[in-house]
Amino acid sequence: MDCLFCSIINKEIPSDIIYEDEFVIAINDINPQAPVHFLIIPKKHIKSLNQLEDSDLRFITHIAKLIPKLAKEFDLNEGYRVVNNCGDLGGQTVDHIHFHVLGKRQMLWPPG
């Protein structure tokens, strides 16, 4: 399998890791779109939301609980945005499910 995020998880490619546990890794985005912009990536390779199985829901629950914790650590008390791109038209560029957390600036709508 040739997956950028799996290579990062396996420490084959260096990255700026801000959090890691047995289920996920969180890294700063290499092309930040906000003053704070990090990704939360499950360690299990799941292509996208469309490929989630019932057994994978524990990863999503874990991520949902982790996001506010990391947001607090990064002082995103005034608000933040969580983004998941799904499929080509949704803007997904890496075929491994991940969630962007962006903050420290006003988020606009529609996002584009």
Taking the stretch 27-79 and keeping residues assigned to a helix (DSSP H, G or I), more than 12 Å from the chain's Cα centre (by Cα) and within 22 Å of residue 111 (Cβ to Cβ) leaves 49, 50, 68, 71
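Looking only at the stretch 76-90, count every residue that is surrounded by 11 or more Cβ atoms within 10 Å (Cβ to Cβ) and without any contact (Cβ under 8 Å) to a residue 24 or more places away in the chain and tell me the total.
At the first step, the residues of the stretch 76-90 found to be surrounded by 11 or more Cβ atoms within 10 Å (Cβ to Cβ) are 76, 79-87, 90.
In the following step, the residues that additionally are without any contact (Cβ under 8 Å) to a residue 24 or more places away in the chain were identified as 82, 85, 90.
Summing the residues that are surrounded by 11 or more Cβ atoms within 10 Å (Cβ to Cβ) and without any contact (Cβ under 8 Å) to a residue 24 or more places away in the chain in the stretch 76-90 gives 3.
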Candidates 30, 25 - the one that is loosely packed, with under 15 Cβ neighbours inside 10 Å, among the hydrophobic types (A, V, I, L, M, F, W, C) and at pLDDT 95 or above: 30
Farther than 15 Å from residue 26 by Cβ and touching a Pro at 6+ places or on another chain (Cβ under 8 Å): does that describe residue 105? yes
Selected residue (criterion: nearest to residue 32 (Cα to Cα)) from residues of the stretch 57-75 that are in contact with a Gly (Cβ under 9 Å, 6 or more places away or on another chain) and surrounded by fewer than 18 Cβ atoms within 10 Å (Cβ to Cβ): 74
State all residues of the stretch 92-112 that are assigned to a loop (DSSP other than H, G, I, E, B), within 20 Å of residue 20 (Cα to Cα), of a type in the set (A, V, I, L, M, F, W, C) and out of contact with any helix residue (DSSP H, G or I) (no Cβ under 6 Å at 6 or more places or on another chain); if no residue qualifies, say none. 97
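Search the stretch 8-19 for residues being surrounded by 14 or more Cβ atoms within 10 Å (Cβ to Cβ) and out of contact with any Lys or Arg (no Cβ under 8 Å at 6 or more places or on another chain), and hand back the single one that is farthest from residue 101 (Cα to Cα).
Of everything passing the filter in the stretch 8-19, 8 is farthest from residue 101 (Cα to Cα).
The values are calculated or read from the model by the stated rules, or taken from the named source; none is laboratory data. These numbers come from a predicted model, not from an experiment. Reconstructed Cβ throughout: ideal geometry from the backbone, glycine too, with neighbour counts over all protein chains shown.
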